[in-house]
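The values are calculated or read from the model by the stated rules, or taken from the named source; none is laboratory data. Predicted, not measured: the structure shown is a model, and the values here were computed from it. Reconstructed Cβ throughout: ideal geometry from the backbone, glycine too, with neighbour counts over all protein chains shown. Heavy atoms of the whole protein, side chains included, go into the accessibility calculation; ligands, DNA and RNA do not. Shrake-Rupley method; radii C 1.70, N 1.55, O 1.52, S 1.80 Å.
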Amino acid sequence: MRVEQLTSLSKRELEALQKVLPTMTVKEKMDLFEMLEEREKRLSNVLGRSDMIEFAKYVYPGFKVGAHH
């Protein structure tokens with residue numbers, strides 16, 4: 001799976017969400033929120049496997065990237 005598929009929604013997808021969000025029920029909004037969280041989790045997993053710095057930032061939230069890395 002390509003990282004781009006996990007990281008960004010297309011402009012069309014974002015516009016569709018903006019349009020429908022006000023008409024969604026609370027349950028639908030919560031389901032959407034859960035799907036977006038899952039998408040973020042998958043991204044973290046992919047980046048953690050492919051980039052050591054991203055892995056370090058995930059494991060150590062306060063990790064500071066510096067020139068020595």
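Restricting Glu4, Glu54 to residues that are modelled with pLDDT under 80, of a type in the set (Asp, Glu) and touching a helix residue (DSSP H, G or I) at 6+ places or on another chain (Cβ under 7 Å) narrows the list to Glu54. For segment 37-67, a tally of residues being loosely packed, with under 13 Cβ neighbours inside 10 Å and among the basic types (Lys, Arg) returns 3.
In segment 16-36, is there at least one residue being basic (Lys, Arg), modelled with pLDDT under 85 and either open to solvent by less than 100 Å² (accessible area, probe 1.4 Å) or assigned to a loop (DSSP other than H, G, I, E, B) (or both)? Lay out the reasoning, then the answer.
The initial filter retains those residues of segment 16-36 that are basic (Lys, Arg), namely 19, 27, 29.
Imposing the further condition that a residue be modelled with pLDDT under 85 reduces the set to none.
Among the residues of segment 16-36, not one is basic (Lys, Arg), modelled with pLDDT under 85 and either open to solvent by less than 100 Å² (accessible area, probe 1.4 Å) or assigned to a loop (DSSP other than H, G, I, E, B) (or both), which makes the answer no.
Find the residue count for segment 22-45, including only residues that are farther than 17 Å from Leu9 by Cα and not basic (Lys, Arg). Explain how you work it out, then say what you get.
Let us first name the residues in segment 22-45 that are farther than 17 Å from Leu9 by Cα, namely 22-28, 30, 45.
Of the ones still in play, those that are also not basic (Lys, Arg) are 22-26, 28, 30, 45.
Within segment 22-45, residues that are farther than 17 Å from Leu9 by Cα and not basic (Lys, Arg) number 8.
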